[in-house]
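Computed from the coordinates by the stated procedures, all read-outs in this text should not be read as laboratory data. The structure presented is a predicted model; accordingly, all values stated were derived computationally and were not measured. Don't worry about glycine lacking a Cβ; one is built from the backbone with ideal geometry, like all the others, and counts go over all protein chains shown.
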């Protein structure tokens, strides 16, 4: 039981780190895309660059794509729990 708890703690720490790094990377990709979009559309009545990027990032935070990154944590934990159940509680 202690071994399982130790594994669970390290798994949560590792998956949390992976989520954090992937979240930062995906945000940077979106920000770069917004910067390129603003640079390509100058003169069409767009708000200032900073306002445009801030609004775009706020929309990104509410998007499904940003929420799907949580699957990096959820899927491995569910699969581990399923394998643990199948190995120990099925005949």
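Observations on the structure shown:
- Cα long-axis angle, helix 71-89 against the chain (0 to 90 degrees, to the nearest 10): 10
- Estimated inter-spin distance, residue 72 and residue 91, nm [label 7 Å along Cα→Cβ]: 4.3
- Degrees between helix 2-40 axis and first principal axis of the chain (Cα, 0 to 90, nearest 10): 10
- Full-stretch length increase - residue 28, residue 5 - with 0.36 nm per residue and alpha-carbon distance subtracted: 4.8 nm
- With one equal scatterer per alpha carbon and no solvent term, the Debye-computed log10 I(q)/I(0) for region 1-47 at 0.15 1/Å reads -0.57.
- With 0.36 nm allotted per residue and the present C-alpha distance subtracted, the residue 13-residue 83 stretch has 23.2 nm of extension available.
- Distance from the alpha carbon centroid of region 18-32 to that of region 2-17 works out to 23 angstrom.
- The helix-based estimate of mean residue ellipticity at 222 nm for the chain, built from -39,500 (n - 2.57) per DSSP H run of four or more residues and divided by its residue count, is -28500 deg cm²/dmol to the nearest 500.
- With the convex hull of its Cα atoms as the shape, the chain has an orientation-averaged projected area of 7.7 nm².
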